[in-house]
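The structure under discussion is supplied below as structure tokens; questions concerning it will follow.
The values are calculated or read from the model by the stated rules, or taken from the named source; none is laboratory data. What you see is a predicted model; the values in this text were computed from it and never measured. Backbone-built Cβ (ideal geometry, glycine too); neighbour counts: all protein chains shown.
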Amino acid sequence: MRIKNVMELPLPHRAVALQQLTKKGSEPQLNHPPALKPSSPGSQQLKRQEDQLTKTELRYLRLLKVQREPLCRILIQAIRLNLGLTNLNYTPDFCVVRPDRTLEMHEVKGAHVYEDARVKFKQAVATYPMFYWVWAQWEQGQWRYQIVEPSETYGRIDRTSED
């Protein structure tokens, strides 16, 4: 089956389609998509991925591991999203696959943030409103969050909180 838009897929198949898109750079072929497994990747692969993270991203990953639900899966820089017609891509720092197979995209920043990072995040939220989005920023020794939740009609509900 040829897919023109990931939005056309049922919710459980969207994450698989996005993974196939990032691997092949073309439209996914979804005859029999594999199930998303709640288990984490192999320890060697996870260690290699963690070695490429910044100190702030590692601090946030530790927080995610403590706060996550029992059967969640945390993917590190595993999904690349196309942000439109200009071949502009965006890779969230973390993707959390919840037990109900909904996806959370997490972007982690330190105290200083370049404007292009903010613009890409906002464009990603506008382009992919079906995901939960979290902007986490480490400032003055605490996490500050901006959370964007999808609604049933894919409208956005914005919340801002501090930890």
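For region 103-122, what are the residues that are over 16 Å from residue 138 (Cβ atoms), surrounded by 17 or more Cβ atoms within 10 Å (Cβ to Cβ) and either out of contact with any Lys or Arg (no Cβ under 9 Å at 6 or more places or on another chain) or of a type in the set (D, E, K, R) (or both)?
Result: 104, 105, 120.
Follow-up question, since we're still on this one. I'd like to check something: does region 109-129 contain any residue that is in a strand (DSSP E or B) and under 20 Å from residue 150 (Cα atoms)?
No, region 109-129 has no match at all.
Moving to a separate point now. Please state which of the following conditions residue 16 fails to meet, knowing it meets all the rest: (1) aliphatic (A, V, I, L, M); (2) at pLDDT below 75; (3) assigned by TED's automatic domain parsing to the domain that holds residue 138.
Every listed condition holds for residue 16 apart from (3).
State yes or no: is residue 61 modelled with pLDDT of 90 or more and assigned to a loop (DSSP other than H, G, I, E, B)?
So residue 61 fails the test.
Which numbered condition in (1) surrounded by fewer than 14 Cβ atoms within 10 Å (Cβ to Cβ); (2) in a strand (DSSP E or B) is the only one that residue 96 fails?
Every condition holds for residue 96 apart from (1).
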